[in-house]
1. Open to solvent by less than 60 Å² (accessible area, probe 1.4 Å), at pLDDT 80 or above and of a type outside the set (F, W, Y): does that describe A251?
2. Which numbered condition trips up E183, out of (1) in a helix (DSSP H, G or I); (2) within 42 Å of the chain's Cα centre (by Cα)?
3. If I ask for residues that are open to solvent by less than 20 Å² (accessible area, probe 1.4 Å) and under 54 Å from the mean Cα position of the chain (by Cα), which ones from the stretch 110-128 would you list?
4. How many residues are open to solvent by 100 Å² or more (accessible area, probe 1.4 Å) and either modelled with pLDDT under 75 or not polar (S, T, N, Q) (or both) if we restrict to the stretch 266-290?
5. Look at L76 and say whether it is among the aliphatic types (A, V, I, L, M), out of contact with any Leu (no Cβ under 6 Å at 6 or more places or on another chain), exposed (fewer than 13 other Cβ atoms within 10 Å of the Cβ) and at pLDDT below 90.
6. For the stretch 58-155, which helices (runs of 4 or more DSSP H) that fit wholly inside it have 1 or more residues that are under 30 Å from K194 (Cα atoms)?
7. What is the one condition in (1) open to solvent by less than 80 Å² (accessible area, probe 1.4 Å); (2) under 17 Å from N103 (Cβ atoms); (3) of a type in the set (D, E, K, R); (4) in contact (Cβ under 8 Å) with a residue 24 or more places away in the chain that D186 does not satisfy?
8. Within the stretch 87-109, take every residue that is out of contact with any Gly (no Cβ under 9 Å at 6 or more places or on another chain), open to solvent by 10 Å² or more (accessible area, probe 1.4 Å) and among the aliphatic types (A, V, I, L, M) and give me the one that is farthest from E183 (Cα to Cα).
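The values are calculated or read from the model by the stated rules, or taken from the named source; none is laboratory data. All figures in this text were calculated on a predicted structure; none of them were measured in a lab. So basically every Cβ, Gly included, is an ideal-geometry build from the backbone, and we count neighbours across all protein chains shown. These accessible areas exclude ligands, DNA and RNA; they are computed on the full protein's heavy atoms, side chains included. Shrake-Rupley method; radii C 1.70, N 1.55, O 1.52, S 1.80 Å.
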Amino acid sequence: MLARAGLRAGPSLGLFQRSQQLKRSAWLAQAPHRLNSGLPVNIGVLFVPQQEAWVVERMGKFHRILEPGLNFLIPLLDRIRYVQSLKEIVINVPEQSAVTLDNVTLQIDGVLYLRVMDPYKASYGVEDPEYAVTQLAQTTMRSELGKLSLDRVFRERESLNASIVDAINQASDCWGIRCLRYEIKDIHVPPRVKESMQMQVEAERRKRATVLESEGTRESAINVAEGQKQAQILASEAEKAEQINKAAGEANAMLVKARAKAEAIQLLAAALAQQHGSAAASLSVAEQYVNAFSKLAKDSNTLLLPANTGDVTNMVAQALGIYSTLTKAQAVKTQEEMPTAREDPQPPPTEALKAEESSSS
């Protein structure tokens with residue numbers, strides 16, 4: 001450290017200054033050393049290691065900064081006063097107490113990542129750059145935590161780190177040091193506050209479980225209702241399709257029966273038009289009439305019979321009379337539908353000549 005180098009380089013310092021330097025050296029005892037075990041001795045020819053900057057004074061005044069590699073100095077006149085490391089430096093920020101916006105005391109420690117950008121400013125701009133940057137980080141952390149509540153401290157750690165880095169860089173620019181990043185390691189909460197936070201977390205979890213359970217019940221009821229709705233729709237559509245199919249089947253059956261009946265009537269009419277068709281029809285009507293009387297007792301216990309039930313001949317005659325009446329009525333209707341005036345076709349000339357010849361003879 002610079003303080004320890006100053007103790008070795010300047011034994012004539014005052015007692016108070018030496019005691020203050022000893023205190024700072026003990027406070028930063030665990031921090032990494034930025035200096036070598038001792039300042040190099042000027043022997044005229046020096047080899048500077050990579051990533052190091054040696055500050056040279058000539059007769060007590062700043063002369064130049066040695067670059068890595070081979071360098072030449074004048075013995076006795078030139079003196080190596082500071083050795084600055086240009087590597088990234090990691091500094092542990094000690095644990096400190098800070099009060100949040102909602103009056104909760106926290107114990108927070110962190111880690112600083114620094115780099116020397118200007119060896120001249122780091123050597124002459126501040127007495128102990130690491131100590132100054134560490135103190136600045138602590139004060140900035142306390143001021144930034146005072147702007148946040150306890151819950152936001154845990155949620156906004158990244159923004160808090162960025163704010164501390166910005167504040168350090170604004171002040172350390174004149175020291176030749178740049179803060180690359182700052183990380184909060186641990187946040188210690190008081191036991192009672194921790195118990196309250198645990199209770200809050202448990203209550204929040206119970207609330208979420210209740211909400212999730214209610215949402216599950218609601219979704220289940222909605223799914224059941226949707227299922228019943230779809231089932232009813234499908235059942236009604238199936239019933240509708242069944243009725244349509246049944247009606248179509250009945251219609252087709254009726255059409256088939258009507259066509260069959262029409263064909264039967266046509267065949268029957270053709271049969272009646274043939275010779276002895278009327279006699280056959282009369283025989284069929286008589287048989288149906290007799291069969292109808294034979295089935296009367298099977299349908300009901302109450303019967304209305306004519307007086308001459310036992311006279312089968314009379315019954316057949318009545319059936320034939322009914323058929324004859326219907327036949328005559330149909331013939332009259334057919335004649336009415338035919339045209340009243342109808343011209344007879346004239347015989348061909350050959351037939352007329354033959355008739356005249358026969359009459360004259």
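1. Values: open to solvent by less than 60 Å² (accessible area, probe 1.4 Å): yes; at pLDDT 80 or above: yes; of a type outside the set (F, W, Y): yes.
Yes, satisfied.
2. The one condition E183 does not meet is (1).
3. Residues satisfying the conditions are G110, V111, L112, L114, V116.
4. Within the stretch 266-290, the subset open to solvent by 100 Å² or more (accessible area, probe 1.4 Å) is 266-268, 274-276, 283, 287-288.
Restricting the remaining residues to those that are either modelled with pLDDT under 75 or not polar (S, T, N, Q) (or both) gives 267-268, 274-276, 283, 287-288.
Residues meeting the conditions: 8.
5. Details: among the aliphatic types (A, V, I, L, M): yes; out of contact with any Leu (no Cβ under 6 Å at 6 or more places or on another chain): yes; exposed (fewer than 13 other Cβ atoms within 10 Å of the Cβ): yes; at pLDDT below 90: yes.
Criteria met by L76.
6. Working: elements: 119-124, 129-145, 150-155.
Of the helices (runs of 4 or more DSSP H) lying wholly inside the stretch 58-155, those with at least 1 residues that are under 30 Å from K194 (Cα atoms) span 129-145, 150-155.
7. Status for D186: all satisfied but (2).
8. V104
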